[in-house]
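Every number in this text was worked out from the coordinates using simple rules, so none of it is lab data. No experiment lies behind these values; they were computed from the predicted model shown. Using ideal geometry, Cβ is built from the backbone for each residue, glycine included, and neighbour counts are taken over all protein chains shown.
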Amino acid sequence: MWVDRDQAPQYNHFGPGAYAPSLARCRPSSASRILYAVVLGRPNSKVDHMHTPDNCQDKHHNYYDPLFCANMHVCSCTDFEDGGTMTKREERLSETIENYLESVYNMQDEGKKVIAARLAERLGVKPPTVSQTLQRMVRDGLIKIDDANEIQFTKNGREVAEAAIRRHRLIERFMTDFLGIGWAVAHTEAERLQHAMSDLMEEKMFEALGNPNACPHGNPIPGMQPTRLPSDAITLDDATEGQRVTILRITEEGERDPRLLDYLQKNNLIPHTEVLIGEVAPWSGVITLRQGKKSISLGLKAARTIWVQPV
């Protein structure tokens, strides 16, 4: 049963009469996912069977919190009238939570200690918002925060993060290899599509690509190869004049800048490419690279998003 957005005010995702925010006040993408997870994912279930504060056993729900709807926490009492239950795919978390998990995963992969303040900086989100979301993630068993305030995955949280990153990087690979789409556009489109990708599509895309082990930017696809960087890997800004290095990967932080991705691809600063460090000028914030007779200038801030290995 599909609910038109025009009709949404008379429904909310816990059924008529419940106290949670209505679908009309959800972001469209969140509303669509709620309907998919609770209704479309089980064709025989009914809108009026959605959980209410009276029949939901998940007592931690806050039915007056508008962020609840945006974050799409699927309550644990997921039985339906047809006798079935939600699958893990149907219980898929919100884009917001998946993005947090992906960032934690990538920061750990880069050998960084992940705390709330650094995560806020990475995501470009205000610290109070990050703290609130992290509390929800702890509550839902996705992460733990130790005595040193470092964020660690639970087993379930790591699995969710790896699945999200795997889908994202597969889509990027498909778009660049099959469709000829540029790096910058592929990354943006993958962010939109990964949250709706089914297990079947993931499997078929993986086979069609010939079992790739990395995305176009060099970042490993989880489950295909070790994700840790080599012990002698450095970021490009730490390279010295006259040194030859091979580009390994572009960090997630770098991938979020479409102008940088476009510049790197156009100048052939891509994984497995060898470059010579011509000049490092901290006073001007620029590093100069050489490929044959070609000279390429790059800001040191951008260079910090590129992992390389000395030759």
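R0 = 51 Å: FRET efficiency of F178 with D146, Cβ-based, nearest 0.05?
Calculated value: 0.75.
Using alpha-carbon positions, what is the distance between the centroids of region 199-223 and region 154-173, in Å?
Rounded to whole Å, the Cα centres lie 11 Å apart.
Kindly write out, for region 196-204 in residue order, the coupling ³J(HN,Hα) from the Karplus curve 6.51 cos²θ - 1.76 cosθ + 1.60 (θ = phi - 60°), rounded to whole Hz, with x marking Gly and Pro.
Values, residue by residue: 10, 7, 7, 4, 5, 4, 4, 5, 5 Hz.
Would you please give the residues with an amide H less than 5 Å from that of F153, counting only those at least 5 places away or on a separate chain, with H modeled from the backbone geometry?
K144
With r defined as the distance between the Cβ atoms of I115 and S231 and R0 fixed at 30 Å, what FRET efficiency is calculated, to the nearest 0.05?
Efficiency at R0 = 30 Å is approximately 0.80.
So between Q132 and A281, what do we pick up on full extension, going 0.36 nm a residue minus the alpha carbon distance?
This chain segment gains 49.5 nm when fully extended.
For region 239-255, what does the Karplus curve 6.51 cos²θ - 1.76 cosθ + 1.60, with θ = phi - 60°, yield as ³J(HN,Hα) per residue in whole Hz, taken in order and with x for Gly and Pro?
Whole-Hz 3J(HN,Hα) from phi for region 239-255: 6, 10, 4, x, 7, 9, 9, 10, 6, 9, 6, 9, 5, 4, 4, x, 5.
With each pseudo-label sitting 7 Å past Cα toward Cβ, what's the K301-R139 distance in nm, one decimal?
Going by the 7 Å Cα→Cβ label model, 3.6 nm.
Which whole-number percent is the relative contact order of region 163-225 (Cα, under 8 Å, 6+ apart)?
Relative CO of region 163-225 lands at 45 percent.
Taking every pair of alpha-carbon atoms in region 95-153, give the share separated by more than 18 Å as a whole percent.
Cα-Cα pairs of region 95-153 separated by over 18 Å account for 20 percent.
Go through K266/K294; K155/K204; K113/K144; K112/K144 and tell me which ones have a Cα-Cα distance over 19 Å in this structure.
K155/K204
Only loop residues by DSSP count here, and only those with at most 16 other Cβ atoms within 10 Å; note down the trypsin sites (Lys or Arg not before Pro) in region 100-156 that meet that.
Loop-located and lightly packed - K112, K113.
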